[in-house]
Amino acid sequence: MDEVIQVTQWLSSITPRKKAKLFFFTTHADAPSPMVGSNDVDTHEGTQLPLATTVALHNFKNIDEFLKKKVNTFSCYNVIENEITKTDYEYLRFYSACKYLDVVPPFLDLEKISAIQNKFEMTDEERDYRLLLDSADLVLEKVCDSLKPAGVSQMWTALRKDRNLIRGVKTIDIIGFFVDPNPTGIKECLFFFIVRFLQKADKINRVNTNRLERLIAQCDESSSCEEGKTIDFIIDSLRFYPTELYPFGFCLIMCVIEGRDGAMQEIEKTMEISRHLGMITHTEKNPTKETIELVKKELMKPKYQFYSSFTCWFMSHGDSNSMVLADGETIEREWFLTSFPDISTFQLKPKVFFMVSCRGANKSSLKGDEFEGQSATCDYYDIGSALIRNRMLDITDSVRDISYVQPMMDTLVAYSTILDHLSGRANTHGSIYVDRACVLMSENISRGRSLTEILEHLSQDLHEILQETMDEDRIVYKQACHYDSFFRKTLKLPYTRHPKEDVHSAPQ
């Protein structure tokens, strides 16, 4: 059959809503720009124009032409060995979006997709199409599905009122002030236009969504939300780190085995819970400084940008400032923690570090009461909320910026013990902290709990356990764990998402 006819038949089989979503997913806002081999000019107006004309004319002709062009580009594309191009990214995004929406063209060359995945050095686990989907876009799709056409129309009206933001943008004028979003697929096109416009204008990204939340907050709940949804529910969904679908993220496990009883048990437990959470896992036994440098270099490879989170377990002996490696050398804990968060492939994504080692030799002995009960009054806080609001600063958009991010942002570091204190172990099972952390995470999958909630429960659970030193003094003590958080959103534990248990059904 002629290819033109095949493409026409394929487009005619896709509903307007799915066309809008396919366009949205394949014009990914954070796609790499300084790539070779692409003839497309992805300008501020370029990706907006098909959406704008579709909304204005209630006609999907321009989106159809865009999708035809994509298919033709991929059909003629020759996969170049070694060199990763922008078209490689686009091909993978397009394929994963089609697979997710259940609209894969029957004529799409799957061998090319496999060849591109080879260039990215993807393992068998990483060839799951869900890894290639952008989790932030999936969250925005759910927000769109939760809104009625009237709700998106109200967002558009609120956006149009911000004259400083929309001044001189031609695609805004194409749509006009008043929009009828009720025809099938038009609501989606208008919502996705708003999202991509705000992203291109550097007003929102996968972490900073305040500007979008404020537009949604201006909607009338009774007319804007689908049944069973509320404005608060929709806004809350934007306040979690986007970690939709499988995999939940990439997990690196580093464990020094030499001289640490039960270390293999630690590896087994962390591997089991990581896989249960739906992470793709890599383990390094007996790491050295050279190992760490090689791992950092590996994580800079392009394929890791597809992951939505990063978790690292580091288990070894240590003292207040450093950790002992397999060859007896030490590394500064601070150096380790600051060198990983700056890796560009995980920028704007949650990074969690479980640092399991002693941080000194002190222990909280249970002999005697060390602290007397204290009470505090609320005098300093007895201020009415209205008075507080009146004294708040008026922070305008002109003094907000989301383009620069401090390297440690979106990072959480969980320590198995407090500074200068021991981290307890069991001879056969290894770190007690690791054991309790894995148990609590396993118990709370599918309960909608956040990681910080689990860590707070872990702090309570661990501090109830009586431990005993293994020296001749046999001192009974308690261990206190804690965490430092630079998170800007909440990280929820996922539902079980093992690839063999995928029960995904295509969106409407």
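Structure notes:
- Calculated mean residue ellipticity at 222 nm for the chain: -12000 deg cm²/dmol, from DSSP H runs with n ≥ 4 weighted as -39500 (n - 2.57), summed, divided by the residue count and rounded to 500.
- Restricting the calculation to alpha carbons of region 259-370 gives Rg and Dmax of 16.0, 56 angstrom.
- Subset of Lys21/Lys489; Lys21/Lys303; Lys301/Lys349 violating a 22 Å alpha-carbon distance limit: Lys21/Lys489; Lys21/Lys303
- Magnitude of the charge dipole, region 425-465, Cβ model with Lys/Arg +1 and Asp/Glu -1, debye to 20: 120
- Solvent exposure of the chain as accessible area per residue, Å², 1.4 Å probe: 49
- Count Lys and Arg as plus one, Asp and Glu as minus one, and take only other residues whose Cβ is under 15 Å from that of Ala150; the net charge is then -4.
- Looking at region 402-484, the pairs of alpha carbons with a distance over 17 Å make up 55% of the total.
- Between the exposed loop cleavage positions of the chain, defined as trypsin sites (Lys or Arg not before Pro) in a non-H, G, I, E, B DSSP state with at most 11 neighbouring beta-carbon atoms within 10 angstrom, the longest gap is 168-366.
- Under a model in which nothing but the beta-carbon of Lys, Arg (+1) and Asp, Glu (-1) is charged, the chain shows a dipole of about 1820 debye around its Cα centre.
- Computed extension gain for Gln6 through Thr157, at 0.36 nm per residue and net of the alpha carbon distance, reaches 50.4 nm.
- Debye-sum result for region 252-296 in log10 I(q)/I(0), which assumes one identical scatterer on each alpha carbon, at q = 0.24, 0.26, 0.27 Å⁻¹: -0.86, -0.93, -0.97
- Dipole in debye (nearest 20) - region 171-289, about Cα centre, beta carbon charges: Lys, Arg +1; Asp, Glu -1: 500
- Using alpha carbons only, the radius of gyration of the chain set against its Kirkwood radius gives Rg/Rh = 1.02.
- Positive-end residue, the chain charge dipole about Cα centroid, Cβ charges, pick of Cys76, Ile445, Met315: Cys76
- Convex hull of alpha carbon positions in region 65-144: directionally averaged projected area 5.9 nm².
- Among Leu92, Asn59, Thr270 - extreme Cα towards positive end, dipole of the chain, charges at beta-carbon: Asn59
- A 1.4 Å probe, protein heavy atoms only, puts the accessible area of Glu329 near 110 Å².
- Extreme residue, positive dipole direction of the chain, given options Ile235, Val352, Leu294 (C-beta unit charges): Ile235
- Between the helical axis of 16-26 and the longest alpha-carbon principal axis of the chain there is an angle of about 50 degrees.
- Against the chain, whose longest principal axis is taken from its Cα atoms, helix 86-101 shows a tilt of about 90°.
- For the pair Phe107 and Arg449, the difference between a 0.36 nm per residue extended length and the Cα-Cα distance amounts to 118.8 nm.
- Against the empirical 2.2 N^0.38 Å (N residues), region 148-251 has a Cα radius of gyration ratio of 1.14.
- Axis angle, to the nearest 10 degrees, between helix 186-200 and the longest C-alpha principal axis of the chain: 60 degrees.
- DSSP beta bridges fully contained in the chain are about 35 percent antiparallel.
The values are calculated or read from the model by the stated rules, or taken from the named source; none is laboratory data. Everything numeric here is computed off the predicted structure, so don't read it as measured data. Reconstructed Cβ throughout: ideal geometry from the backbone, glycine too, with neighbour counts over all protein chains shown. Note: accessible area is taken over every heavy atom of the protein model, side chains too, but ligands, DNA and RNA are not part of it. Shrake-Rupley method; radii C 1.70, N 1.55, O 1.52, S 1.80 Å.
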